[in-house]
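**Student:** So that we are looking at the same thing, I have put the structure below in structure tokens.
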Amino acid sequence: MKKKNYYIIYEIENRDFVQRMLISLDLAKSGNRVFLVSKYFFYKNLNYFPVGMVLEKGITNDEEKNYSKILDRGYLLSVIDEEGARYYDNEPEFLNIRISKKTSKKISHFFCWGMRQKKKINHIIKRNIIVSGTPKYDLYNLKKIFKDKLDIIKKIGPYILISSNFTYATWNDKDFKKKISSLKNYQNKHSYYWDNYKKKYKFKKSVLKFFIKDLIKVSKKLKKMNFILRPHPNDNQTFWNKKFNNISNIKVNSDFSIEPWIINCDALINNNCTTTLDALINKKKVINYNKIKRKGESFFFNKYTHNARSYNDLIKSLKKDYKMNNNNYKKLISYLKSYINYDSNTNSYKKISENLNNCKFNKKEFSSINKKILSAKFLMDKTFNLMRKKSVNKKIINRSPIYYYKIKKNIEKIYPKYSSINFKSVNNQLYTFES
């Protein structure tokens, strides 16, 4: 059957998938065919998909070839940047890297996390900017989605969550140099940014040494307190396992997405990480470990955190009683409004879905032959990847479809209207939604 085809792209499975399921379900409810597909798999197998509209997770300069490829074939392109909170950092050249001026002229929508992001970019993008908020935070309005995961986590008992955003700093120098080398042409165009990025890498390496040292000291001092360290998907996962292998009350755990871990934790420790926003929305104590500060560095979300600059500060912050009353919570949400447009009574995914659905473009078939080809292509990739050296990061988990079928069942309990949506796995990186 001919339908409008939408492609909801995810890059990091743990971060992107569930929030983008909400957009997919709502678009399918309006009679569309929706593909929730990994970025890698979509662009590699573009020939087997019918033309439609793509919702990307960014329009960065290094991906211009991919964007040109789909636009030249007649696809429409919209975007909600998954790095929305970083638009407020003082990172030199950040906007020039994050927004391709060439591509920005051709997009159908740019969905902003908040009004401040819109003001930051409206000298580059002149039209079709919509302040929607991000479905990332909708998930905290719909906590029952994670009921099964929360039940598992509760068996662990009380814990302090540690979230890493050290990414390349956890890589060895050889892997980092290889990564930078692969971006050589990109660096030539944006040398100032990449010079700064290399300096940041060295800086984060320095912070990381102190971070690990003080965490180990804290774990020995507070032996009855349990800590769960959550690696960033772009971290070297084995790095953390080696560092805390012999520490009984620090466990490294990458299971599930971050949301159930945030919901159930007693407090959060990080180093200027955007998971601060997740925790603050959930009225959690956030301890920002900030032993060394870079010149000119500032993060809007740290206004409401406990800043720890030493081991002693960490101990004091962990021992200090904390409860956010309703009045202070209202002030917090009011402060965050212009940054992330969060509202516990309104979900961003609806606004995004409605705007995407209002776009007019041709309906197309999705043949059963192409579906079989895409299934076979994934199996070929999987076999090939088994023979390759494993990547240091874990952007794509390739979870069993059963995991996401359970998530969908939980969404249906909150919104029965989505029970009529046929949700199928073509393979572990491609799912379809149809009513």
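**Student:** Amide H of N165 versus every other amide H placed in the peptide plane: which residues, excluding those fewer than 5 positions away on the same chain, fall under 5 Å?
**Tutor:** Distant-sequence amide H within range of N165: N271.
**Student:** To continue, here is another question. Summing -39500 (n - 2.57) over the DSSP H runs of n ≥ 4 in the chain and dividing by its residue number, what mean residue ellipticity at 222 nm do you reach, to the nearest 500 deg cm²/dmol?
**Tutor:** The helix-only estimate for the chain comes to -13500 deg cm²/dmol at 222 nm.
**Student:** For the range 200-217, in order, what is each residue's ³J(HN,Hα) by Karplus, 6.51 cos²θ - 1.76 cosθ + 1.60 with θ = phi - 60°, in whole Hz (x at glycine and Pro)?
**Tutor:** Computed from phi, the couplings for the range 200-217 are 5, 4, 5, 5, 5, 4, 5, 4, 4, 4, 5, 4, 5, 4, 6, 5, 5, 4 Hz.
**Student:** Taking amide H atoms as placed 1.01 Å from N in the peptide plane, list the residues 5 or more away in sequence, or in a different chain, whose amide H sits under 5 Å from that of Y10.
**Tutor:** V37, S38, K39
**Student:** Shifting gears a bit: Test of understanding: ordering H109, H123, H232 by Cβ neighbours within 10 Å, fewest first, what list do you get?
**Tutor:** H123, H109, H232
**Student:** Further question on the same structure: Report which label in (i) 55, 54, 40; (ii) 64, 51, 47; (iii) 81, 67, 54 holds the value of Cα extents along the principal axes in Å derived from the coordinates of this structure.
**Tutor:** (ii)
**Student:** Anything over 19 Å Cα to Cα? Flag those among K217/K283; K200/K243; K154/K251; K204/K243; K4/K101; K213/K251, in the order listed.
**Tutor:** Cα-Cα > 19 Å for K217/K283; K200/K243; K4/K101; rest within.
**Student:** Let me ask something else. Helix 173-182 versus the longest principal axis of the chain: what is the Cα-based angle in degrees, 0 to 90, to the nearest 10?
**Tutor:** 30
**Student:** I would also like to ask the following. Using the Cα centre of the range 23-134 as the reference point, and only Cβ charges (+1 on K/R, -1 on D/E), how large is the resulting charge dipole? Debye, rounded to the nearest 20.
**Tutor:** With only Lys, Arg, Asp and Glu charged at Cβ, the dipole is about 400 debye.
**Student:** Give K119/K394; K285/K330; K2/K372; K224/K285; K377/K417 a once-over and call out the pairs whose C-alpha atoms are over 23 Å from each other.
**Tutor:** K119/K394; K377/K417, as the Cα separations exceed 23 Å there.
**Student:** Let me ask something additional. By count of other Cβ within 10 Å, fewest leading, how are W261, W171 ordered?
**Tutor:** The fewest-first ordering by Cβ neighbours comes to W171, W261.
**Student:** Something else now. Hey, which aspartates and glutamates would be in cross-link range of K291, C-alpha to C-alpha under 18 Å, not counting anything within fewer than 8 residues on its own chain?
**Tutor:** Here the aspartates and glutamates satisfying the reach criterion relative to K291 are D214, D313.
**Student:** Further question on the same structure: Can you give me the C-alpha center-to-center distance between the range 128-185 and the range 243-288, rounded to a whole angstrom?
**Tutor:** Using only Cα atoms, the two centres lie 10 Å from each other.
**Student:** Follow-up. Exposure proxy check: F361, F244 ranked by fewest other beta carbons within 10 Å?
**Tutor:** Listed from fewest to most nearby Cβ atoms, that is F361, F244.
**Student:** Then there is this: Can you compute 3J(HN,Hα) from phi for each residue in the range 342-347, using the Karplus curve 6.51 cos²θ - 1.76 cosθ + 1.60 with θ = phi - 60°, rounded to whole Hz and x for Gly and Pro?
**Tutor:** 6, 9, 5, 9, 9, 9
**Student:** Could you tell me which residue out of A376, S344, I402 lies farthest along the dipole of the range 300-406 toward its positive end? Charges go on the beta carbon: Lys and Arg +1, Asp and Glu -1, centred on the Cα centre.
**Tutor:** Most positive-ward Cα: A376.
**Student:** Now, a different point. Distance from the Cα centre of the range 18-44 to that of the range 64-81, in angstrom?
**Tutor:** One Cα centre to the other: 16 Å.
**Student:** Roughly how big is the chain's charge dipole about its Cα centre, with Cβ charges of +1 (Lys, Arg) and -1 (Asp, Glu), in debye to the nearest 20?
**Tutor:** 680
**Student:** How large is ³J(HN,Hα) for each residue in the range 238-252, as worked out from phi by the Karplus curve 6.51 cos²θ - 1.76 cosθ + 1.60 (θ = phi - 60°), to whole Hz, x for Gly and Pro?
**Tutor:** Values per residue, Gly and Pro as x: 5, 4, 5, 4, 5, 5, 10, 4, 9, 9, 5, 9, 10, 10, 8 Hz.
**Student:** Would you work out the charge dipole size for the range 307-435 about its Cα centre, treating the Cβ of every Lys and Arg as +1 and the Cβ of every Asp and Glu as -1, and quote it to the nearest 20 debye?
**Tutor:** Charge dipole of the range 307-435: 340 debye, to the nearest 20.
**Student:** What are the aspartates and glutamates whose alpha-carbon lies under 15 Å from the alpha-carbon of K29, with same-chain residues fewer than 8 places away excluded?
**Tutor:** Partners found: E354, E412, E434.
We did not get these values from a lab; they are worked out from the coordinates using the rules stated. What you see is a predicted model; the values in this text were computed from it and never measured. Heads up, the Cβs are rebuilt from the backbone with ideal geometry, glycines too, and the neighbour counts pull from every protein chain shown.
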